[in-house]
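Chemist: Below you'll find the structure I mean.
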Amino acid sequence: IAVGNGGESSTPQVPPGPQSMSSNCQNVAVDTECAVIPSCDAGLIKVVGTDRCVVDGSYQVVIPPRCTCNSEQLQIAGITLDKTDCTSVSIDQECGVKALCQSPFLTVNQESIYKCNADGTWTSSFPPYCICDKSQLTLNVENSEHIHLNCDNVPWGGTCSFDLECNSGYTPSSSRTAVTCSSSGWDFTFPTCNPDPCQLPTIPNQSASTPG
């Protein structure tokens, strides 16, 4: 406890935040700093603050104590994240996260905003994701007339459709019309265009008419 003017003591000054604090600010000399430790809920990280005893016996906040979310808990299965902006985020604050996608995936160049909640969890209305590279879909199907892919921006685990039209006299070998963006890239095998079976020839009527 520091002694101020008139012999009155002063307590460390802390900004709004954690409900309870502890400190080593007992019997601190003027111009000396002391640590203020916040009390954080489980799942949150304590960031120790610093107060300084000033000449009038009060305390000046140098570094405010606070509770932050753990950026290590920001995870998406199968995706590496750039969480640099979220290493020391206080409750109710937001930060940006990007997906670092590797081949055969492409990165969606959009930063997702995550919020640090009071219970230590993270929430986002639009998490980052990786998409399969559409250019890696082989479109060369022999004896086909037209292949149309509806496969733009397909995320990992998603599916997309295609339309296959074979040349006249050929029929698709399968009725499959969808491909999947799997953990290893595109999971697909396009149907082939197989020749239609020959039709049995038409045999003309050989019966002779009876003369009248």
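Chemist: What is the dipole size for region 117-212, taken about its Cα centre, with +1 at each Lys and Arg Cβ and -1 at each Asp and Glu Cβ, in debye to the nearest 20?
Modeler: Values: 2 positive and 9 negative charges, 34 e Å.
So the dipole magnitude of region 117-212 works out to roughly 160 debye.
Chemist: Further question: Please find, in a Gaussian network model of the chain (springs between Cα atoms separated by less than 10 Å), the residue of Val36, Val47, Val55 whose mean-square fluctuation is greatest.
Modeler: Val55
Chemist: Right, here's the next one. What percent of all Cα-Cα pairs in the chain falls into each 5 Å bin, going from 0 up to the bin containing the maximum distance?
Modeler: Pair shares across the bins are 1, 6, 10, 9, 8, 7, 7, 6, 6, 5, 5, 4, 4, 4, 3, 3, 2, 2, 1, 1, 1, 1, 1, 0, 0, 0, 0, 0, 0, 0.
Chemist: Still on this structure, please answer the following. Which of the lysines could a cross-linker span from Lys98 if the Cα-Cα distance has to be under 24 Å and same-chain partners fewer than 8 positions apart are dropped?
Modeler: Lys83, Lys115, Lys134
Chemist: Count charges around Pro191 for me, please; just the other residues with Cβ under 14 Å from its Cβ, Lys/Arg as +1, Asp/Glu as -1. Don't skip to the answer; put the middle values down first.
Modeler: Numbers: positive: Arg176; negative: Glu142, Glu145, Asp163, Glu165.
Summing Lys and Arg as +1 and Asp and Glu as -1 gives -3.
Chemist: Now a separate question. Give the carbon-plus-sulfur fraction of the accessible surface of the chain in %, rounded to a whole number; probe 1.4 Å, heavy atoms of protein chains only.
Modeler: 49
Chemist: Say R0 is 41 Å: what FRET efficiency, to the nearest 0.05, do Leu100 and His148 get from their beta-carbon distance? Write down the numbers at each step before the final one.
Modeler: Working: r = 32 Å, r/R0 = 0.77.
It comes out at approximately 0.80.
Chemist: Taking only protein heavy atoms and a 1.4 Å probe, what accessible area per residue, in Å², does the chain have with all protein chains in place?
Modeler: Numbers: 13270 Å² over 212 residues.
About 63 Å² of surface per residue is accessible.
The values are calculated or read from the model by the stated rules, or taken from the named source; none is laboratory data. As the structure is a computational prediction, the values presented were derived from the model and not from experiment. Note that we place each Cβ from the backbone using ideal geometry, even for glycine, and neighbour counts take in every protein chain shown. Surface accessibility is based on the protein's heavy atoms, side chains included, excluding ligands, DNA and RNA. Shrake-Rupley method; radii C 1.70, N 1.55, O 1.52, S 1.80 Å.
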